[in-house]
Amino acid sequence: MIFSKFERMVAKRYLKAKRKEGFISVISGFALTGIALGVATLIIVMSVMNGFKSELLSRILGLNGHIMIAATPGYPFTDYTTAVQNLEKIDGVDIAIPMIEKQLLVSTGQTAEGVIVRGLQKEDLLKKQVMRSGLTNVNIEAFDDTYVILGERLADKLGVLTGDEITLISPNGKVTAFGTVPRIKAYTVLGTFNFGMYEYDSNFIFMPMSSAQLYFGLPNAATQIDVTLKRGEDLNKIRRIIEQSVGLDAYVYDYKQSNAAFFNAIDVERNVMFLILTLIILVAAFNIITGLIMLVKDKGRDIAVLRTMGASKGMIMRIFMISGSYIGVLGTTIGVIIGVVFCLNIERVRHFLEMLSGRDLFSAEIYFLSKLPAEIDWAEVTTVTVVALMLSLLATVYPAYRAAKYDPVEALKYE
């Protein structure tokens, strides 16, 4: 739709309220503010949701594989070296890591915590970037049979430092004439890791593969093999290949299954939040309708004069559509700028708000991550922008139609 210079000029003059039209200007201001806040809030929330999902996924895949092959209980992988070699020959497989993973109790004499112990070979511990960068002040060369590495938050809960001793207790111990005797063994803390994900930093302990095999009574065996792919898009194809090769000897599952609750919750919340926050923009659009209807009522004499001077109904309609569209376009533009700038500086904003309130606004114990993530999806930003502009434009149709239908004779008669 092409608007003439005259139509744009009249529309702009109508937006500049005189003293007696101040109330109309206030309504228009509320409409503009509502659209700006709605668009900004929608962009911020969707970006945080995207960032949370992306960060969560990167942390999960940084510690686990895309595909996990678990041994049948009681029948561990005894020839895991050959299995790893065969897996890494599959096109699309990047890394295959054998491990032993069990749930245990860790004690320091003062306190005790339930933990997950993961036995890994030294070289496998350094194969992934997240794991390499997360090992803080750890001399990995000293990672041998007498040492373990704790999550940083787990070490804080236990009150231990590098060089301190912890005791691992397994209920599945030796069977004697007096019953099952738990396995109890002391290890020295070599250092801590911080992967930026609370669930891992507060629950995991890494120990050398040979120590885990000895402690759990699994000589030259592994209980699980994690497979990391070069491309996540190949997940289903490679999983089918692995399932066919292992048959019924092992259980094959992927990260989507083991973390289904996380990803389903995020997807549902994203969709619901999009619908709820779009209502803010819709409410602001109704304010545009209210403001324009009052403007049409107030400008009845002007409309009559324009009609008698030869202005067509279409021209009158376009003038009021431009007036409403100005509010929508300006509000949407301001909202997009606020939303994008907020997302790009979200950590600074969080720290500032925490400093003002004196409270932790993003607790790692609740949100699983140590920092507030935000990932801007420009396709979503475009969608939000288009939705806001469309709602704003549609809000102008009815008031503009009423203005075009205004009878100039009746308007001038009662002036």
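Read-outs throughout are calculated quantities, based only on the coordinates presented, and are distinct from any laboratory measurement. Being a predicted model, the structure only gives us computed values, none of them experimental. Please note: Cβ atoms are built from the backbone with ideal geometry, for glycine as well, and neighbour counts cover all protein chains shown.
What the table shows:
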quantity: Choice from E375, E347, E233 showing the highest fluctuation, given a GNM over the chain with Cα pairs closer than 10 Å; calculated: E233
quantity: Inter-probe distance in nm under a simple model that places probes 7 Å from Cα toward Cβ, at E233 and V268; calculated: 3.0 nm
quantity: Net charge of Cβ neighbours under 12 Å - reference D377; Lys, Arg +1; Asp, Glu -1; calculated: 0
quantity: Potential lengthening between L394 and S258 on full extension [0.36 nm per residue; Cα-Cα distance subtracted]; calculated: 44.4 nm
quantity: Relative exposure of H351, H66, judged by other C-beta atoms within 10 Å (fewest first); calculated: H351, H66
quantity: Simple spin-label estimate for M9 and L344 in nanometres, 7 Å along Cα-Cβ; calculated: 3.8 nm
quantity: Residues with amide H under 5 Å from that of L135, placed H, sequence gap 5 or more; calculated: N194
quantity: Set K122/K237; K157/K256; K127/K256; K185/K256; K53/K127; K102/K128 screened for pairs whose C-alpha atoms are more than 25 Å apart; calculated: K122/K237; K157/K256; K185/K256
quantity: Restricting the range 321-359 to trypsin sites (Lys or Arg not before Pro) in coil, as DSSP defines it, with at most 13 other Cβ within 10 Å; calculated: R359
quantity: Rough spin-label spacing in nm, given labels placed 7 Å along Cα→Cβ, for D145 and T188; calculated: 1.5 nm
quantity: Separation between Cα centres of the range 307-323 and the range 183-251, rounded to whole Å; calculated: 72 Å
quantity: Protection proxy ranking, peptides 109-117, 208-216, average beta carbon neighbours within 10 Å, highest first; calculated: 208-216, 109-117
quantity: Loop-located trypsin sites (Lys or Arg not before Pro) in the range 29-126, at most 15 other Cβ atoms within 10 Å (DSSP); calculated: K89
quantity: Projected-area mean, the range 104-243, by convex hull of Cα positions, square nanometres; calculated: 10.4 nm²
quantity: Span-rule helices in the chain, defined as complete DSSP H runs reaching 18 Å or more along the axis (Cα) with Kyte mean at least -0.5; calculated: 22-63, 260-298, 313-344, 378-404
quantity: Percentage of interatomic Cα-Cα distances in the chain larger than 40 Å; calculated: 43 percent
quantity: Computed lengthening from R240 to F30, 0.36 nm per intervening residue step minus Cα-Cα distance; calculated: 70.0 nm
